[in-house]
1. Determine whether segment 19-31 contains at least one residue that is at positive phi and in a strand (DSSP E or B).
2. Taking segment 135-144 as the region of interest, how many residues are over 16 Å from the mean Cα position of the chain (by Cα) and crowded, with 16+ Cβ neighbours inside 10 Å?
3. With respect to Arg152, is the statement that it is surrounded by 20 or more Cβ atoms within 10 Å (Cβ to Cβ), charged (D, E, K, R) and outside any loop (DSSP other than H, G, I, E, B) true?
4. Out of (1) aromatic (Phe, Trp, Tyr); (2) part of a loop (DSSP other than H, G, I, E, B); (3) over 21 Å from Arg35 (Cα atoms), what's the single condition that is false for Phe132?
5. Which members of segment 155-174 meet the condition of being in contact (Cβ under 8 Å) with a residue 40 or more places away in the chain and either within 12 Å of Tyr85 (Cβ to Cβ) or exposed (fewer than 12 other Cβ atoms within 10 Å of the Cβ) (or both)?
6. Only one of Leu113, Leu125 is open to solvent by less than 40 Å² (accessible area, probe 1.4 Å) and either within 13 Å of the chain's Cα centre (by Cα) or over 18 Å from Asn30 (Cα atoms) (or both). Can you tell me which?
7. Would you check which residues across segment 22-33 are surrounded by fewer than 21 Cβ atoms within 10 Å (Cβ to Cβ) and hydrophobic (A, V, I, L, M, F, W, C) and list them?
8. With Val120, Val169, Val98 as the choices, which residue is at pLDDT below 95, under 29 Å from Val23 (Cβ atoms) and hydrophobic (A, V, I, L, M, F, W, C)?
Amino acid sequence: DVAAAKTITAAESFALVRRSNGVIPSWGYNGDGQRGDGSAAAASDTPGTATLPAGLTATSIAAGGNHALALLSNGAVYAWGDNSYGQLGQGIASPQLVRATTPMRVTLPRGALAVAASNVASYALLDDGTVFSWGTAWGLGLLGDGTRDGVRLTPGPVLGAGGPLTGVVQIAAR
């Protein structure tokens with residue numbers, strides 16, 4: 001019995017599906033571990049399944065350049081794949097942590113409601129209406145922290161006038 005696909009998202013070279021049972025199959029380029037199944041085989045036209053913590057299911061997914069995010073049923077955010085610019089939010093970037101082939105928990109100050117990913121950055125909408133970002137600003141200010149350049153290796157708030165941006169109800173990235 002295959003659970004129905006609820007959400008599909010794709011980056012340039014791989015795709016993820018969130019099934020109604022919270023399982024995340026993915027396929028395509030996998031050189032950075034985008035399938036999240038523990039392998040880093042170059043590519044696959046056969047889906048692998050992301051390894052999630054026991055008892056938890058995905059409620060939302062996002063695909064970045066060569067990394068992926070999942071929001072789990074307990075409000076936790078997990079990331080896997082390429083970490084060249086700290087987009088996995090683990091406090092370190094390449095060369096110390098080049099990639100993660102299985103999902104790693106991102107430390108956030110509270111539970112999340114949504115996730116989004118760009119090519120080189122990651123985002124989480126928290127349950128208090130604030131948004132946190134991590135990865136690189138890429139010379140374009142992608143992190144929303146008041147800087148145009150730089151890398152944020154751990155999640156930090158997106159800023160509005162006078163402090164953290166508040167009252168956000170939806171996020172998206174490209």
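1. Yes, that holds for at least one residue.
2. Qualifying residue count, segment 135-144: 2.
3. yes
4. (2) is the only condition that Phe132 fails.
5. Within segment 155-174, Val169, Gln170, Ala172, Arg174 qualify.
6. On inspection, the qualifying residue turns out to be Leu125.
7. Answer for segment 22-33, where residues must be surrounded by fewer than 21 Cβ atoms within 10 Å (Cβ to Cβ) and hydrophobic (A, V, I, L, M, F, W, C): Val23, Trp27.
8. None of the other options fit; the residue is Val98.
The values are calculated or read from the model by the stated rules, or taken from the named source; none is laboratory data. The model shown is predicted, which means the values in this text are computed figures rather than measured ones. Here Cβ is always computed from backbone atoms with ideal geometry, including for glycine, and neighbour counts include all displayed protein chains. All accessible areas refer to the heavy atoms of the entire protein, side chains included, with ligands and DNA or RNA removed. Shrake-Rupley method; radii C 1.70, N 1.55, O 1.52, S 1.80 Å.
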